[in-house]
């Protein structure tokens, strides 16, 4: 019986050693997996932080660019309105000058017609005086 207990005890000791070895092996594997997971988590955390910083930097840059574009757009709108007002004023002045030009052209045409009429009348009068003068010269002879 003692031998039986001794065999059972040896069997149990072997089983305990086997379980302890398995436990150490499992513990070592779990420690290795935990370490790998912690390294991966740390790498992801750092990568997320880097991406966040990059995103915020780009976002700030784009906001600044957008603000500049909005300001430029406002400046261009103001310039466009100013240019439009200037064009309207130039068109008004152009119409005014064209009206003045038309009046002056009519006055010039009328003056030329009067000058032509006066020249014709002067020619007629000169011709008549010559005739009258020639007849008076002939009569005095």
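Taken along the Cα-to-beta-carbon direction at a fixed 7 Å, the label points for residue 110 and residue 21 span 13.3 nm. Computed from Cα atoms, the angle from the helix 2-140 axis to the main principal axis of the chain rounds to 0 degrees.
For the pair the stretch 63-78 and the stretch 1-35, the centres of their Cα atoms are 77 angstrom apart. Using the Cβ-Cβ distance between residue 29 and residue 3 with R0 = 30 Å, the FRET efficiency computed as 1/(1 + (r/R0)^6) comes to roughly 0.20. Mean-square fluctuations from a GNM of the chain, with a 10 angstrom spring cutoff on Cα atoms, peak among 29, 96, 47 at 29.
Note on the chain: Kirkwood hydrodynamic radius from all Cα pairs is 28.6 Å, rounded to one decimal.
Obtain the radius of gyration and the Kirkwood radius of the stretch 1-60 from its C-alpha atoms and give Rg over Rh.
Details: Rg = 25.4 Å, Rh = 15.7 Å.
In the stretch 1-60, Rg relative to Rh is 1.62.
No value in this document is a laboratory result; all are computed from the given coordinates. Small disclaimer: the values here were computed from a predicted structure and weren't measured. Using ideal geometry, Cβ is built from the backbone for each residue, glycine included, and neighbour counts are taken over all protein chains shown.
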